[in-house]
1. Name the GluC sites (Glu not before Pro) in segment 102-183 that are in a loop by DSSP and that have at most 16 other C-beta atoms within 10 Å, would you?
2. Pop out the ³J(HN,Hα) list for segment 270-287 in order, Karplus 6.51 cos²θ - 1.76 cosθ + 1.60 with θ = phi - 60°, rounded to Hz; leave Gly and Pro as x.
3. Please go through the residue pairs Lys119/Lys174; Lys95/Lys535; Lys8/Lys142; Lys276/Lys652; Lys174/Lys319 and name each one whose alpha carbons sit more than 30 Å apart in this structure.
4. Using amide H atoms built 1.01 Å from N in the peptide plane, name the residues 5+ places from Ala294, or on other chains, whose amide H lies under 5 Å from its own.
5. For Asn87 and Arg171 in the same chain, what is the full-extension length gain: residue separation times 0.36 nm, less their Cα-Cα distance, in nm?
6. Can you give me the solvent accessible area of Asp158 with a 1.4 Å probe, rounded to the nearest 10 Å²?
7. Roll a 1.4 Å probe over the protein chains and send me the accessible area per residue for segment 48-110 in Å².
8. Using only the alpha-carbon atoms, how far is helix 517-530 inclined from the longest principal axis of the chain? Give it as 0 to 90 degrees, nearest 10.
Amino acid sequence: MSYLKFDKSLMINLEQSLHKEMLRTNKSGAYHCTSIVGCNTRKQHGLLVIPIPEMDDKAHVLLSSLDETVIQHDAPFNLGIHQYANNVFSPNGHKYIREFNCDTVPTLIFRVGGVILSKEKVFISHENRILIKYTLLEAHSKTTLRFRPFLAFRNANDLCIENNVINKGHRDVKNGIATCLYHGYPELFMQFNKPVRWIDDGHWYNGIEYFKDRERGIPYKEDLWVPGYFELPIEKGESIIFSASTYECVPDDFENTYVNEVATRTSRTSFYNCLKNSATQFYLKDKSGMYIMAGYPWYNVRARDELIALPGCTLAIGKSEDFEKIMSTFLRALREFIRDGRTHWIIHEIDLPDIPLWVLWALGEYAASEGMEKCRKLFGDDIIFLIDAIRSGRIPNLKIHSSGLLSSNGRHSPVTWMSASINGQPIIPRSGYILEFNALWYDAVCFAAEMFAADHAHDRLVASLNLLAEELKESFLNTFLNDAGYLFDYVDGEKKNVEVRPNLAIAVGMRHSPLDRRQKRKVLDFITRELLTPKGIRSLSPKSYAYRPNYVGGPVEREYAVHQGPARPWLFGFYAHGYLNVFGNSGIGFVERMLIGYEEEMTEGCIGSLSELYDGNPPYSGHGAVSTAKNVGEILRCIRTIINLNKDLSDKNV
């Protein structure tokens, strides 16, 4: 049975199908994203969207879409779909769709009278190139296909307006054409695996709308240039392959390239396989190293997001070598920053004060997965370097006190993951002793002491770390644990923030915690009662006067709401690990039941992936980036933990 399959009744219902999106990437920063019916609903949607490092660090939409037309007996049937003003859709190609299947590659089946046509798409790994394979499954008469490309050549976050600056010319290449609308952009090569006729018929298509942008209160109308169209005959049983790329390709190789690329795909036939496929789509590899993108379709590489996502997007899917490559790339950049103050051109926000803490957490997860000895051999020097950098005060805006606790100044600029701001001023000015900073720090100190305990060359270091851990534990409890039984979110001088916030989950989800089992259980009770939803952990308790559960409205309204109620799946990963730590094997069933809420999302939003955040109240609708690395990574880490626990139980019962 197909796991990601939608039938005609859903596909032709635009109220449902337009809200379901699909994403494919090349693992080097380029992507293809659109709704499952092929109608672009965001400005970031496109058939070929690529980074252009020579211009900036943003993605750029070259080929927005490709309208296919089936011609029989001189009668054209356009399979494309675009939205215009007043909720008008033209053409209405969705009415010909009979099925959408995305188990291996995105596949649409169209039926036009006696014609049955399949359409399959694959993005070529590490190349700025997408292939679309059309197969005529059934036809009773002579059939011709026409292809009309909609070109944008713009930043993915901008919009195109009709202008006289564009270059309307093109040049012929084998089985296609090459064109470039604006100076500074690469040429776009559009080719087929067989000879094709090109007809010059240039027109602007004005007033195309993107309703997802309209909902977000941002500009949503654009004009796209269509330079003409391709036309070629197709026989029953024949396949035609279209290639769009930034370089000229050899048409005779299209079929082999397509087959070889499909062979590398993970079949999305289960919840785990969907997330596994999604995880590898965040990979970014170039000549400088290997990274994890924060999410699609508008994020780049962000330090904290990459580190939170890293264990789940690598170790949890059996890709420890990828963890090592990504972490090694990151550590080189972080060492440069700590030594020289140089920030990285790809890894954004590496200068934030908690980044070394998240590195140490991720390395602790690696050690738990691959063994202490291997971790010490590969990353031991880095662990010592980071611990020393923190203790000696060499991390900007991260101060260590005589109590062993860490503080950071976040009054005037956001320093934590709760980074919403207006005019640069943080909406939630978390400052002073910050809860997750110190939970991560305690975990790091205990982890490092364990790491080097068997290495007598570091006896003095271990003794020092053990002493620090004891001091930290007492200071942590005295500072954060309150009479109600949960933890202050931050303590800034005399100000003790009493709001029930999701950083509680991070504090109880560490492998090493200053809290005892009874204290953890009380904190878990608060999270379960006030923050837990089927789609993640709320960013604020509904009991707070500031609670805003819905991430809707214009940019300012959404910025005020983003950390005041909407839920994050990635925080559930920490909550689940804390829960299993307290309740042991008896907690497995509860965590498994909670995971059902995330499995339901595999057919919602960006199918096979998880959105950035979800409303804090029912129906818990998804918002933000349609596919987010740290959400996917933490739910994968949770699934892998459950699999391992169930295996251990099974082995004990044998």
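The values are calculated or read from the model by the stated rules, or taken from the named source; none is laboratory data. The structure presented is a predicted model; accordingly, all values stated were derived computationally and were not measured. Cβ atoms come from the backbone with ideal geometry, glycine included; neighbour counts cover every protein chain shown. With ligands, DNA and RNA removed, areas are computed over all heavy atoms of the protein, side chains included. Shrake-Rupley method; radii C 1.70, N 1.55, O 1.52, S 1.80 Å.
1. Counting only loop positions with at most 16 other Cβ atoms within 10 Å, the GluC sites (Glu not before Pro) in segment 102-183 are Glu162.
2. Working through the residues one at a time gives 7, 4, 4, 5, 4, 5, 4, 4, 5, 4, 6, 6, 7, 4, 10, 10, 9, 5 Hz.
3. Lys95/Lys535; Lys174/Lys319
4. Here the answer is Asn300, Val301, Arg302, since their amide H atoms fall under 5 Å of that of Ala294.
5. Length gained between Asn87 and Arg171: 26.5 nm.
6. Number for this one is 80 Å².
7. Here the per-residue accessible area is 38 Å².
8. 40
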